[in-house]
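Accompanying notes for the structure given below.
The values are calculated or read from the model by the stated rules, or taken from the named source; none is laboratory data. As the structure is a computational prediction, the values presented were derived from the model and not from experiment. Neighbour counts run over all protein chains shown; Cβ positions are idealised from the backbone, glycine included. These area figures cover heavy atoms from the full protein model, side chains too; ligands, DNA and RNA do not enter into them. Shrake-Rupley method; radii C 1.70, N 1.55, O 1.52, S 1.80 Å.
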Amino acid sequence: MAFAAFATAEAQPQAPRKSSRIALFLLLPGILYLVLFFLTPLVSLLLTSLQAPLEYGDIGQYQYAFNWQNYVDVMTAYWPHILRSFGYALAATVFALLFSYPLAYFIGVKARRWPLLQSLMLVLVIAPFFISFLLRTLAWKQILSDESFVITSLKALSLLGPDAHFTGTPFAVIFGLTYNFIPFMTLPLYTALERLDLRYLEAGSDLYANPFTVFRKITIPLSMPGIVAGTLLTFIPAAGDYVNASRDFLGGPDTQMMGNVIEANFLVLLNYPAAAALSIILMAAILVLVGVYVKRSGTEDLL
Amino acid sequence: MSARGRRSTGPARQGRIGLGSWLLPAYTILAFVFLLIPIVYTFVFSFNDSVKSNIAWRGFTFDKWLNVCNVEGGAVCEAFANSVIIGVVATVIATTLGTMIAIALVRYRFRARSVISLLLFLPMATPEVVLGAGLAAQFLAVGVPKDITTIILAHTMFCISFVVVTVKARVASLDPALEEAGRDLYGSPSQVFWRVTFPLLTPGIVAAALLSFALSFDDFIITNFNSGSVSTFPKYVYISASRGIPAEANVIASAVFLFALVLVIGAQVSRAARAKRLAKLG
């Protein structure tokens, strides 16, 4: 899987040849495609974020300008959404890591002796991907809605207050984000742990380290590439997600994230400059955060 | 911190490395139950005898499976068909372009290498909402109307990088001596490619194509920005979410799930069997 590739050290190419016309022929179409449909749109987005409304235009009509005020406006109007996006994404990433690590450890280390079981467990990890993620999220919404069996029983047992809600709360949105991105966390962790040499752990306990110290000083550092890859693969899409936080899914009016605001501005209000400015802010913040994180964790060569 | 007194040797130590011998397996089982809950829910509710929305359980029926396309003028099936068409076309283009790039990256040295690697990495590190809004802004600026073509263009874009990553691993494990042997036997470059390189790369290319199709089929965010009035399966689900999804959506999702499950388990079992055979030989 591609998710695993993030954590896989690139195999050394054997005897690469000097560049040639063949290399150019192989690269050009794909690279051109990405320039045309990935890079240029980013430039378009930047230009759109600086647009100003046409003087006597209709809603949705803008002209090119250098209207930096757009950035100030969206920051003032949407700072809670910006903070929420990164807060929710961070929480979901931490929960997904805590959930996935023991699971990946079992599949990658304990299940090594049974390859068939290991493969079947990997299939189970990616099984949620085979159902549309919208339907998975809706299923949780219905399972955890106020009238559902789960919530009514918890209320009957007085484990929840009579007025307690689950859907529409920040907790529900973080729950949904965590659930949806768990496979993105588990797979890179599995790839890293699967290659863990158990003799290091034995050496650790031979040197009188207790299991906790062995875990902290050996297992975690050796699985660091998996942790970095998994947290990035969870955090980035979670910060931009707008399905979980949508009102029709697990969110409510007070849980809207940047993705929801970008969607509303672009597709409903036709306020393209605001949507574009928010997108640029989201992307810039993620690039900075990822850069700092990768540097601090000492895994630059991963990228 | 010292565990001097408790030091043990032999198999007993194996258990001490983990978090206890029963705790971890028990946790794993619970974790899988948790992961599978919404899938089971979706499957069970595809048999719900509901009228329009599919929220409360109203009894068991096979009707929804037998009449998937008879609801709302076949809206679910039309959306599903669109998703399949988009997935197939985007997969074919992305797999072709991505495989070419992967071969070039492993086999040739050139100066722009790090720039190209960055260009391939960035789409995977950009939130989908930014990719979607960017393309939509671009189509708006150029005046291209949104339809099925713009969806395909968008999906191909985000699939290419994943294809490159997947195929590259396969190319890197390929022994160039095999291609050299082909050339030594007077194979023309195209003969060497189609008779030696391509067959050896096939498992990687198939994996990349499946991944690409899955990504395209399940994509909602980028699609929503670039689809105009065209419906896809995820978009259909999103729009109906406000009034409760009809059971027909659960039928389609369950069918896709079963199909994918059979496909993947089949591939895993055959791989395990092959590994066993090879182990016996070796």
### Query
Are any of the residues in the stretch A:202-211 under 18 Å from A:Phe99 (Cα atoms), at pLDDT 90 or above and buried (at least 19 other Cβ atoms within 10 Å of the Cβ)?
no
### Query
Inside the stretch A:249-303, can you point out the residues that are touching a Phe, Trp or Tyr at 6+ places or on another chain (Cβ under 8 Å), outside any helix (DSSP H, G or I) and open to solvent by 50 Å² or more (accessible area, probe 1.4 Å)?
A:Leu303
### Task
Just name the residue that is nearest to A:Ile286 (Cα to Cα) out of those in the stretch A:44-57 that are open to solvent by 60 Å² or more (accessible area, probe 1.4 Å) and touching a Phe, Trp or Tyr at 6+ places or on another chain (Cβ under 8 Å).
A:Leu47
### Task
Could you tell me which numbered condition B:Ile85 fails, if it satisfies all but one of (1) in a helix (DSSP H, G or I); (2) surrounded by fewer than 17 Cβ atoms within 10 Å (Cβ to Cβ); (3) within 11 Å of chain A (Cβ to nearest Cβ)?
(3)
### Message
One residue is enough: does the stretch A:190-199 have a residue meeting the conditions in contact (Cβ under 8 Å) with a residue 60 or more places away in the chain, more than 24 Å from A:Pro128 (Cβ to Cβ), open to solvent by less than 60 Å² (accessible area, probe 1.4 Å) and touching a helix residue (DSSP H, G or I) at 6+ places or on another chain (Cβ under 8 Å)?
### Response
yes
### Task
Could you tell me which of the residues B:Leu215, B:Leu210, B:Leu200 is surrounded by 13 or more Cβ atoms within 10 Å (Cβ to Cβ) and touching a residue at least 60 places away in the same chain (Cβ under 8 Å)?
B:Leu215
### Query
Which of the residues spanning the stretch A:235-249 are more than 17 Å from the chain's Cα centre (by Cα) and hydrophobic (A, V, I, L, M, F, W, C)?
A:Phe249
### Message
If A:Ile220 meets every condition in (1) under 29 Å from the mean Cα position of the chain (by Cα); (2) within 12 Å of chain B (Cβ to nearest Cβ); (3) surrounded by fewer than 16 Cβ atoms within 10 Å (Cβ to Cβ) apart from one, which number is that one?
### Response
(2)
#### Entry: Filtered residues of the stretch A:237-248 (kept if part of a helix (DSSP H, G or I) and closer than 16 Å to A:Tyr78 by Cβ)
A:Ala239, A:Gly240
## Note on the structure
Counted residues in the stretch A:58-75 being open to solvent by 30 Å² or more (accessible area, probe 1.4 Å) and in a loop (DSSP other than H, G, I, E, B) come to 8
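The rows are residues; the columns are (1) open to solvent by less than 10 Å² (accessible area, probe 1.4 Å); (2) over 19 Å from B:Thr149 (Cβ atoms); (3) at the interface with chain A (Cβ under 7 Å from one of its Cβ atoms).
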position	(1), (2), (3)
B:Val76	yes, yes, no
B:Ala81	no, no, no
B:Ala90	yes, no, no
B:Thr95	no, no, no
B:Ala102	yes, yes, no
B:Phe121	no, yes, yes
B:Pro127	yes, yes, yes
B:Gly134	yes, no, yes
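A quick yes/no check of all residues on (1) touching a residue at least 60 places away in the same chain (Cβ under 8 Å); (2) among the hydrophobic types (A, V, I, L, M, F, W, C); (3) in contact with a Pro (Cβ under 8 Å, 6 or more places away or on another chain):
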| site | (1), (2), (3) |
| --- | --- |
| B:Pro189 | no, no, no |
| B:Arg195 | no, no, no |
| B:Asn250 | yes, no, no |
| B:Ile265 | no, yes, no |
| B:Gln268 | no, no, no |
| B:Ala272 | no, yes, yes |
### Task
Identify, from the list A:Leu103, A:Leu177, A:Leu138, A:Leu98, the residue that is modelled with pLDDT of 90 or more and within 16 Å of A:Val228 (Cα to Cα).
A:Leu98
### Query
Identify, please: which residue in the stretch B:155-185 is of a type outside the set (Ser, Thr, Tyr), at the interface with another protein chain (Cβ under 7 Å from one of its Cβ atoms) and under 25 Å from the mean Cα position of the chain (by Cα) and is, among those, most open to solvent (accessible area, probe 1.4 Å)?
B:Ala169
### Query
Conditions: (1) open to solvent by 40 Å² or more (accessible area, probe 1.4 Å); (2) touching a helix residue (DSSP H, G or I) at 6+ places or on another chain (Cβ under 9 Å); (3) under 30 Å from A:Gly240 (Cβ atoms). B:Val230 meets all but one. Number of the miss?
(1)
### Query
Looking at (1) open to solvent by 20 Å² or more (accessible area, probe 1.4 Å); (2) within 11 Å of another protein chain (Cβ to nearest Cβ); (3) in contact (Cβ under 8 Å) with a residue 24 or more places away in the chain, can you tell me which one A:Leu90 breaks?
(2)
### Message
Criterion first (in a loop (DSSP other than H, G, I, E, B) and either modelled with pLDDT of 95 or more or within 14 Å of chain A (Cβ to nearest Cβ) (or both)) does B:Val115 satisfy it?
### Response
no
### Message
Which pairs turn up if I take residues in the stretch B:44-71 that are farther than 20 Å from A:Lys141 by Cβ and look for partners that are loosely packed, with under 14 Cβ neighbours inside 10 Å and of a type in the set (Lys, Arg) with beta carbon separation below 8 Å, at least 6 apart in sequence or on another chain?
### Response
B:Asp49/B:Arg58
